[in-house]
Amino acid sequence: QVQLVESGGGLVQPGGSLRLSCAASGIIFSNYVRAVMGWYRQAPGKERELVATFNSAGNTNYADSVKGRFTISRDYAKRMMYLQMNSLKPEDTAVYYCNIRLIIDYWGQGTQVTVSS
């Protein structure tokens, strides 16, 4: 059974940085390497939206709102995915979820990011 666990969220002031981590288990290496995966977020009263993703070829895609500020990365051997978030803004406040798409979508439980002074 595939499981995803996010960590690294918290309260940060505008302009600050956070690094989110997503640990995957229950997935074999070859599937992890080829999987489409990424980060999504959901703010109160809003729909879940894409933040940053890897496609099956390993290319990255970012939401326009985070380009130049956020960086997605991963460590295949550790089955870890990361989201480095810099120059955070209050509008980045949301619950952040990691996702892996195999035959079905798998989601973590989410980690809260709050950007406020």
Total residues in the stretch 44-68, condition in a loop (DSSP other than H, G, I, E, B), within 23 Å of residue 15 (Cα to Cα), open to solvent by less than 80 Å² (accessible area, probe 1.4 Å) and not hydroxyl-bearing (Ser, Thr, Tyr): 2
Please go through the stretch 60-116 and give me each residue that is at pLDDT 95 or above, among the small types (Gly, Ala, Ser) and over 15 Å from the mean Cα position of the chain (by Cα), ordered by number. 68, 87, 116
Do we find a residue being of a type in the set (D, E, K, R) and either in contact with a His (Cβ under 8 Å, 6 or more places away or on another chain) or surrounded by fewer than 13 Cβ atoms within 10 Å (Cβ to Cβ) (or both) anywhere in the stretch 9-31? no
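Here is a yes/no grid of residues against (1) free of Cβ contacts under 8 Å to residues at least 60 places away in the same chain; (2) aliphatic (A, V, I, L, M); (3) closer than 15 Å to residue 106 by Cα:
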{"site": "2", "(1), (2), (3)": "no, yes, yes"}
{"site": "11", "(1), (2), (3)": "no, yes, no"}
{"site": "17", "(1), (2), (3)": "no, no, no"}
{"site": "22", "(1), (2), (3)": "no, no, yes"}
{"site": "26", "(1), (2), (3)": "yes, no, yes"}
{"site": "39", "(1), (2), (3)": "no, no, yes"}
{"site": "51", "(1), (2), (3)": "yes, yes, no"}
{"site": "56", "(1), (2), (3)": "yes, no, no"}
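Tell me which residues, restricted to the stretch 31-43, are among the polar types (S, T, N, Q) and in a helix (DSSP H, G or I).
Selection gives 31 alone.
The values are calculated or read from the model by the stated rules, or taken from the named source; none is laboratory data. Quantities reported herein were computed from a predicted structural model and do not represent experimental measurements. Note that we place each Cβ from the backbone using ideal geometry, even for glycine, and neighbour counts take in every protein chain shown. Keep in mind that these areas ignore ligands, DNA and RNA; they rest on the heavy atoms of the full protein, side chains included. Shrake-Rupley method; radii C 1.70, N 1.55, O 1.52, S 1.80 Å.
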